[in-house]
Structures are given as C-alpha cells and as structure tokens.
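Everything below concerns the one structure shown next.
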Amino acid sequence: MLNEQQQRIKPTVFNVLFLGVDSVSVSSVLTYTEMLHDYLNTLGLSGNRIILHTAVSSSTAYLGALTQTSDCFEVHEINVESKEEILNLAKEKDIDVILDENEIFSQKEVYSNRDKLAIIHWYNPQFTDLINAICAGWGVVWNARNPVLNGTWVTKYLEENSLSKAVFDFMEIGKRQGYSEEQVGFIRSMTNKISQMNHAKQLLDYTIILQRHANRHGLKTENLLFEHSYHLNNYYVLMASTLDVFSRLINNVYQLGFSQFTSYTLDKAVFLKALEQKRKGLAQIIQLKKHLDWMHWMKQRRNLFAHQSHIGLTEIVQRKKIQLTEDELNQKVEDSMDWAFMLTSGIASEAVQDLKEFTRFQIDLEQNYQTIVKDIMTIDKQDRVTREVTPVVFFPLRAIDDDYKVFSELVKRMIQNLNGARKVK
C-alpha cells in the first residue's frame with residue numbers, strides 16, 4: 001500500500017478565497033459557480049466542485065443568507081488587514097487561489113507564496129483564467145467570463161477581445177482586401193493554432209495549481225513534471241508555428257519571392273529586407289529590438305523541446321547541515337520494507353540487496369538534502385547579436401505569461417498594420 005508521501009492525488013475540489021470583494025460581486029460569482037456545478041452534474045462530475053470563501057471583518061445578514069442557500073460558499077470573520085491571519089485561514093481551508101482586490105499582499109509577497117498558492121489582484125482576467133484552467137483540467141469546456149452550457153473548445157477560445165478572435169476577424173478583413181482562398185487559409189490556420197496554444201496554456205495553469213496542492217500536502221510531483229513538459233512542448237511549438245504561418249501569409253500576399261521549400265521566418269534578415277521593400281511599416285514593427293530578442297530566445301527554447309529527446313524540470317539541492325547518522329539511515333532502510341519476507345518469497349538475495357541500496361539512496365536524498373531551487377531547466381542561451389553562447393538556468397513555468405504577453409502584442413500589432421493595408425491587386 002502506498003503511503004501518503006508516495007500518492008499522486010488530483011483533487012476534484014478547489015478552494016478560492018475572496019479578499020476585499022463586495023457582497024454583490026461575491027453573489028454574482030456564486031451564481032456562476034452554482035451554474036457550473038449544475039452543469040458538472042449533467043456531465044457525471046458531481047464530485048468536482050469549486051468552493052468559494054470570503055474573509056470579512058464582520059459578516060452581514062446578506063452574506064449569512066448566501067451561506068444558508070449554498071453548499072459551496074463559506075464566510076470567515078477574521079482581521080482582514082492581517083496577512084498572518086489570512087495565510088493561516090488559507091492553510092486551514094486548503095485555499096488554492098486568493099483574489100486580493102485590495103492588494104493587501106505586495107508583488108514580492110505574491111511571489112514568495114507562489115509555490116503553495118496563487119495570490120492574484122484582478123478578477124478579470126486573472127481569477128477567471130484560473131477557474132477556466134481548472135475546468136480545462138477536468139476536461140470541461142467553460143468560460144467563467146461568459147458561461148455557456150454545452151460549449152465547444154473552439155468557441156471558448158474565440159471569446160470577444162481575445163487574440164484568437166482578433167485573428168479570426170482578420171479573415172473577413174482579408175477577404176475584403178482581396179486575399180485569395182489560400183491566403184485566407186493561412187489566417188484560419190493561425191486562428192486554430194492560437195486556440196490550441198491557449199488550451200495548452202490553460203492546461204499548464206492547471207498543472208501548476210495541482211503542483212501547489214501537492215506542495216501544500218507534501219505529495220510527490222514526478223508525474224506533474226511529466227505533464228508540465230508535455231504541455232510546454234505543445235505551447236512553444238504552437239507559438240513558433242503560428243509565427244511561421246504568419247511569415248508565409250506575408251510572403252504570399254506581398255510576393256516576397258520565397259518558395260514553399262525555402263527556409264524563412266519573420267525574424268530572418270533576408271525576410272525583413274524583402275518585406276521593407278513592400279511594406280516598411282510592418283517590417284519596422286517586427287524589427288523592434290524587444291520583438292527580435294524575444295523571437296530569438298523563444299525559438300531556442302522551442303528547438304530544445306522539438307529536437308532533444310529529454311525534456312524535464314529539475315531541482316537544485318544541497319546537503320543539510322544536520323543529517324541522519326549512519327545508524328539512523330540504516331534503521332530507516334530496515335523499517336521501509338519487510339526484507340526477511342522478501343528473501344523467503346524466492347527473490348534472489350542479490351536483488352534484495354540491490355533494492356536495499358536503492359532505498360538507502362532515496363531515503364538519503366529525501367532526508368539529508370534540501371531543495372534550493374525547483375522546476376528549472378538548464379539551457380545554452382545564444383545572444384542574438386553577438387552569437388555568444390552562455391549556459392543559463394531557465395524557469396519555464398514562470399515565463400509562460402510573459403511569453404504570451406509579447407507574442408500577443410506582436411501578433412496584434414501586425415494584424416492592425418495589415419488591417420490598414422490597401423486592397424491586394
């Protein structure tokens with residue numbers, strides 16, 4: 001029987017805590033949450049729940065009434081100005097997400113607590129994104145900003161004001177500008193890829209929530225690291241692929257002269273030189289230093305995922321000052337299994353001894369070492385201009401949002417530029 005330390009648990013109940021959210025807003029979120037729960041029931045997922053908590057200095061009759069009519073809402077009276085009391089409540093109630101609209105916690109404190117819970121300052125889009133990520137992890141199509149029953153993944157990621165929708169709308173604009181069927185097909189491909197990339201991002205957000213849960217409960221995270229790598233691979237490959245499709249659209253529309261089998265990308269000098277002759281403003285957007293630097297670094301990471309067989313997140317550990325004695329270590333090995341029974345079961349003594357040695361190694365690593373840094377990758381980073389290569393420690397899970405921000409800005413600016421273009425001859 002596996003003990004709790006060895007279990008790999010995916011919770012079906014998640015807890016969120018509101019700080020500084022007014023009662024009317026809490027009621028609105030509760031209504032949407034109960035709507036989600038009703039939908040989950042129809043899908044046979046009655047055990048999957050999101051429990052809402054609100055912390056207040058003193059409760060009200062209105063909040064009390066909400067607790068009486070809902071089994072997924074709790075009110076807690078604490079000193080809402082005390083960070084210690086808030087964190088103690090979060091620990092007691094196993095909180096996954098704190099929505100801190102009054103920004104009681106500074107960005108530094110948000111960062112220092114990030115390994116065990118998410119503290120966010122905005123309802124939209126941060127909080128709703130995390131609710132959507134949990135539902136994506138459950139395999140349920142749900143958009144907390146615009147709840148619709150029986151939705152599809154495609155429509156979920158084509159919500160208003162999203163990047164996918166901006167590219168989708170560009171299809172119609174392209175048609176009016178005289179784009180060919182093939183050129184409109186390029187835009188449709190980008191829309192699909194961005195939607196799939198958004199899905200990969202939400203699944204990454206979900207596995208990060210699971211990892212925080214595991215960290216709070218002292219559970220193993222090896223399987224989560226496997227899933228992180230899987231979704232990271234999809235995320236960066238789709239991101240780079242979208243930009244590659246964009247370069248093919250531009251080449252086709254402005255007849256830059258690159259054939260189907262020629263290697264060219266948005267950031268290549270030869271491509272940008274050709275584009276400058278046809279559409280200088282668009283070339284200037286792509287050539288901004290922040291865009292070129294980011295694309296160069298993003299592609300290095302994409303290449304690592306795409307072309308190297310081993311992708312994994314690791315830890316940096318160091319030995320503790322106070323360690324188990326040899327006698328203590330030996331005793332833990334003896335207590336870990338019934339070695340005598342194994343010998344009588346017909347297993348060769350050499351195999352039992354090898355298992356003992358491996359068990360000793362595991363116990364030594366768990367008991368005598370402490371983790372300094374988690375979830376890292378070591379990668380050789382090349383400077384775009386000097387081509388100098390430097391080994392760096394990279395935190396891929398921390399870069400997800402920043403990469404999406406730059407990617408989104410670049411794509412939107414290119415689309416805005418093309419929206420104002422003359423009709424294609």
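What helices (runs of 4 or more DSSP H) completely inside segment 39-154 contain at least 1 residues that are under 18 Å from the mean Cα position of the chain (by Cα), assigned by TED's automatic domain parsing to the domain that holds Ser27 and of a type outside the set (Gly, Ala, Ser)? Ranges flagged: 107-112, 128-137. Restricting Ile173, Ile194 to those that are in contact (Cβ under 8 Å) with a residue 60 or more places away in the chain, surrounded by fewer than 20 Cβ atoms within 10 Å (Cβ to Cβ), β-branched (Val, Ile, Thr) and not assigned by TED's automatic domain parsing to the domain that holds Phe127 reduces the list to Ile173.
Among the criteria (1) surrounded by 15 or more Cβ atoms within 10 Å (Cβ to Cβ); (2) on the phi > 0 side of the Ramachandran plot, the one Ile187 does not fulfil is (2).
Of the residues Leu204, Leu210, the single one that is in the same structural domain as Tyr254 (by TED's automatic domain parsing) and closer than 21 Å to Phe305 by Cα is Leu204. Filtered by the rule that a residue be under 24 Å from the mean Cα position of the chain (by Cα) and among the charged types (D, E, K, R), segment 155-183 gives Lys156, Glu159, Glu160, Lys165. If you go through segment 401-425 and keep only what is closer than 14 Å to Met239 by Cβ and in contact with a helix residue (DSSP H, G or I) (Cβ under 6 Å, 6 or more places away or on another chain), you end up with Val406, Phe407, Ser408, Leu410. When segment 341-385 is limited to residues that are among the aliphatic types (A, V, I, L, M) and within 30 Å of Asn303 (Cβ to Cβ), the one that is modelled with the lowest pLDDT turns out to be Ile372.
Residues that are of a type outside the set (D, E, K, R) and either without any contact (Cβ under 8 Å) to a residue 24 or more places away in the chain or touching a Lys or Arg at 6+ places or on another chain (Cβ under 8 Å) (or both) within segment 138-161 comprise Gly139, Val141, Trp142, Asn143, Asn146, Val148, Asn150, Gly151, Thr152, Thr155, Leu158, Asn161, listed in sequence order. Show the residue pairs that are 6+ apart or on different chains and have beta-carbon atoms under 8 Å apart, the first residue being within segment 284-307 and over 17 Å from Lys381 (Cβ atoms), the second being not β-branched (Val, Ile, Thr) and not in a helix (DSSP H, G or I). Within 8 Å, the pairs are Ile286/Leu266; Ile286/Asp267; His291/Asp267. Based on this model, can you work out whether Thr33 counts as modelled with pLDDT of 95 or more, in a helix (DSSP H, G or I), not assigned by TED's automatic domain parsing to the domain that holds Arg212 and not charged (D, E, K, R)? Yes. One residue stands out in segment 295-316 among those that are of a type outside the set (S, T, N, Q) and modelled with pLDDT under 70: the one that is surrounded by the most Cβ atoms within 10 Å (Cβ to Cβ), namely Leu313.
The values are calculated or read from the model by the stated rules, or taken from the named source; none is laboratory data. Owing to the predicted nature of the structure, the values given are computational and were not obtained by experimental measurement. Virtual Cβ from ideal backbone geometry, glycine too; neighbours counted across all protein chains shown.
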